[in-house]
Amino acid sequence: MIGLKSIAGDPLLRQLMVAGRVSDPELERVLTVARRALLDWACGTNASGGELIDFFGALAEQCFLNEYAFAESDDEHVAVARIAAQLSERARAGGYIPPAWLIATAAYRPLHAVAGTEALLGRACPTPIERLLVLQVQEPLEERTIRAALPALTPIADGVSRTVQAQYEENPYPRWVMAAPAGTPIALDDDIRRKFPLAPLRPRGGGEHLDVLIAGCGTGAHPVETCRRYAFARVLAVDLSRASLAYAARKTRALALPIEYAQADILALGTLERRFDLIEASGSLQCLADPQAGWRVLLSLLKPGGLMQLGLYSKLARADINAARTYVKELGFPGTLDGIRRFRQEALAWPDGTPGKSVTRLGDFYSTSGCRDLLFHVQEYQHDLPEIAAFIATEKLRFLGFDLDIRVVHAYAAENPDDPAMTDLDRWHRFETAHPATFVGMYQFWVQKG
Ligand SMILES: C[S@@+](CC[C@H](N)C(=O)[O-])C[C@H]1O[C@@H](n2cnc3c(N)ncnc32)[C@H](O)[C@@H]1O
């Protein structure tokens with residue numbers, strides 16, 4: 001408890017725990033032990049704890065944000081079930097609830113899953129508990145209401161789409177807290193010229209508004225960022241998962257942005273009568289059995305001269321991720337909370353150099369939805385550059401450039417002085433073959449419709 005007191009007093013650590021997912025193996029170990037101390041306090045086996053209430057509250061927020069990815073022992077499981085049952089009974093009866101019960105339960109289970117906790121909303125309570133009730137009861141209730149009212153633009157009929165939908169209904173991804181800071185909105189053409197000064201961009205001209213489609217918008221971080229980046233943007237953001245869309249819509253409401261959310265399957269969007277200046281599909285087309293079929297549907301919705309930003313998985317860059325995926329498959333870990341927890345503990349214990357070990361250095365490894373998206377995905381298509389180049393040629397698109405870390409751009413430029421516009425995909429393929437980690441953050445690139 002003495003060691004715990006010294007870290008619990010650190011305001012930076014507390015801020016880190018409530019601002020997003022903690023992605024560090026050592027810190028995860030410390031927080032897992034701290035959570036056990038919280039549970040002991042709630043069970044009465046450790047009398048002290050009240051002076052750490054701010055820290056424990058932040059820890060429970062972190063556990064909710066990472067969707068309870070930390071290891072949980074059998075005796076913790078039993079103890080939490082008992083405390084949650086007592087909490088539920090008192091909440092329904094309007095009785096006194098010791099703060100430790102509520103915080104400990106919230107650190108192991110989402111409070112909205114404990115019957116009767118809605119009755120606690122509006123009760124006067126200490127700030128850490130009030131924050132937990134908002135995060136784990138009030139906001140999920142709001143999402144339930146939003147979810148029921150979301151429009152559906154297309155049916156979800158395709159078998160793979162339905163399987164993918166089920167994954168993201170259970171685990172909306174990514175769970176985000178704060179949007180990236182907004183800069184001054186910029187015109188789309190100016191943004192492209194700034195990124196790719198020598199790319200063969202045809203000026204688009206266009207009207208007062210920029211009509212944007214985000215295809216596979218997830219939980220809203222993506223459309224929010226795009227909507228704030230471009231001047232006069234009006235965004236339609238679609239996804240298969242109503243749970244993801246509800247999360248997105250709730251977060252967007254707080255930012256008052258012109259983003260319309262709707263459920264749709266990219267594959268069925270061809271019937272949509274709207275057309276767009278910009279379409280973004282990042283991290284979504286690889287969930288289709290045939291990503292190119294989805295890409296074609298999206299191209300049909302793009303205005304002539306319109307721009308498209310894509311994010312596709314690279315087979316070469318994901319070699320070590322594939323080693324971990326193979327391990328998951330061969331040992332039969334299910335994509336459930338329990339299966340993901342068990343796999344994570346094994347992977348954290350692997351010695352360095354074990355095939356697949358690099359996944360423990362990726363942020364997604366540190367939350368349940370992230371780990372499921374990364375290693376337990378029900379459908380994942382991986383590309384290579386010749387395949388992308390062939391599609392671009394067949395569809396007569398202009399390739400404008402990759403979004404990449406500036407160090408990679410400099411390395412490519414140094415090795416390829418004959419490609420000043422950096423748009424030669426054959427050269428990029430040779431570069432990637434020599435440096436396979438180049439696109440570990442996906443092939444993120446821009447094309448223009450002819
Ligand atoms: C990895 S998440 C990426 C979300 C978002 N683009 C981002 O970058 O944060 C992939 C999303 O694509 C959605 N998706 C996958 N296949 C889709 C389809 N056929 N139609 C619409 N959305 C789809 C999933 O439901 C999921 O929310």
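The values are calculated or read from the model by the stated rules, or taken from the named source; none is laboratory data. In this text the structure is predicted, and so the values were computed from the model without any measurement. Because the Cβ atoms are built from the backbone with ideal geometry, glycine has one as well, and the counts that use them run over all protein chains shown.
In the list TYR173, TYR168, TYR230, which residue meets the criterion of being under 29 Å from LEU267 (Cβ atoms) and away from the ligand (no atom under 13 Å from the Cβ)? Full working, then the answer.
Working: TYR173 fails: away from the ligand (no atom under 13 Å from the Cβ); TYR168 fails: away from the ligand (no atom under 13 Å from the Cβ).
Selected residue: TYR230, the only one of TYR173, TYR168, TYR230 that is under 29 Å from LEU267 (Cβ atoms) and away from the ligand (no atom under 13 Å from the Cβ).
Can you confirm whether region 121-142 contains a residue that is aliphatic (A, V, I, L, M), surrounded by fewer than 19 Cβ atoms within 10 Å (Cβ to Cβ), in contact with an Asp or Glu (Cβ under 9 Å, 6 or more places away or on another chain) and farther than 30 Å from ARG29 by Cα? Among the residues of region 121-142, at least one is aliphatic (A, V, I, L, M), surrounded by fewer than 19 Cβ atoms within 10 Å (Cβ to Cβ), in contact with an Asp or Glu (Cβ under 9 Å, 6 or more places away or on another chain) and farther than 30 Å from ARG29 by Cα, which makes the answer yes.
Out of the helices (runs of 4 or more DSSP H) lying entirely within region 9-110, which hold 3 or more residues that are surrounded by 21 or more Cβ atoms within 10 Å (Cβ to Cβ)? Break it down into steps so the answer makes sense when it comes.
Values: elements: 11-19, 25-43, 53-65, 74-93, 99-108.
Result: 25-43, 53-65, 74-93, 99-108.
The requirement of being over 20 Å from ALA152 (Cα atoms) and in contact (Cβ under 8 Å) with a residue 24 or more places away in the chain is satisfied by ARG228. Taking every residue in region 369-389 that is closer than 30 Å to THR336 by Cβ and pairing it with any residue that is among the aromatic types (Phe, Trp, Tyr) and crowded, with 16+ Cβ neighbours inside 10 Å, at least 6 positions away or on another chain, the pairs with Cβ-Cβ distances below 6 Å are SER369/TYR173; CYS371/PHE365; ASP373/TYR173; GLN382/TYR313. When residues in region 400-426 are screened for being crowded, with 16+ Cβ neighbours inside 10 Å, touching a residue at least 12 places away in the same chain (Cβ under 8 Å), not aliphatic (A, V, I, L, M) and not in a strand (DSSP E or B), 3 of them pass.
State whether one or more residues within region 147-162 are in a helix (DSSP H, G or I) and surrounded by 21 or more Cβ atoms within 10 Å (Cβ to Cβ). The answer is yes, given that some residue of region 147-162 is in a helix (DSSP H, G or I) and surrounded by 21 or more Cβ atoms within 10 Å (Cβ to Cβ). Please work out if GLY218 is within 9 Å of the ligand (Cβ to nearest atom) and in contact (Cβ under 8 Å) with a residue 60 or more places away in the chain. Criteria met by GLY218.
In region 135-162, the residues that are farther than 18 Å from LYS251 by Cβ and within 16 Å of the ligand (Cβ to nearest atom) form Cβ pairs under 6 Å with partners that are part of a helix (DSSP H, G or I) and among the basic types (Lys, Arg), at six or more places apart or across chains, as follows: ILE156/ARG162.
From ARG175, ARG123, ARG144, grab the single residue that is at pLDDT below 95 and closer than 30 Å to GLU380 by Cβ.
ARG175
Here ALA293 passes the criteria (1) farther than 21 Å from THR145 by Cβ; (2) touching a residue at least 60 places away in the same chain (Cβ under 8 Å); (3) touching a helix residue (DSSP H, G or I) at 6+ places or on another chain (Cβ under 8 Å); (4) of a type in the set (A, V, I, L, M) except the one numbered (2). Among the numbered conditions (1) under 27 Å from LEU240 (Cα atoms); (2) surrounded by 15 or more Cβ atoms within 10 Å (Cβ to Cβ); (3) in contact with a helix residue (DSSP H, G or I) (Cβ under 7 Å, 6 or more places away or on another chain), the only one that ASP211 does not meet is (3).
Residue-by-condition table, conditions (1) under 25 Å from GLU143 (Cα atoms); (2) near the ligand (Cβ under 10 Å from one of its atoms); (3) of a type in the set (A, V, I, L, M); (4) buried (at least 20 other Cβ atoms within 10 Å of the Cβ):
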{"position": "GLU260", "(1), (2), (3), (4)": "yes, no, no, no"}
{"position": "ILE266", "(1), (2), (3), (4)": "yes, yes, yes, yes"}
{"position": "ARG275", "(1), (2), (3), (4)": "no, no, no, no"}
{"position": "ALA281", "(1), (2), (3), (4)": "yes, yes, yes, yes"}
{"position": "LEU288", "(1), (2), (3), (4)": "no, yes, yes, yes"}
{"position": "GLN292", "(1), (2), (3), (4)": "no, no, no, no"}
{"position": "ARG296", "(1), (2), (3), (4)": "no, no, no, no"}
{"position": "SER300", "(1), (2), (3), (4)": "no, no, no, no"}
{"position": "MET308", "(1), (2), (3), (4)": "no, no, yes, yes"}
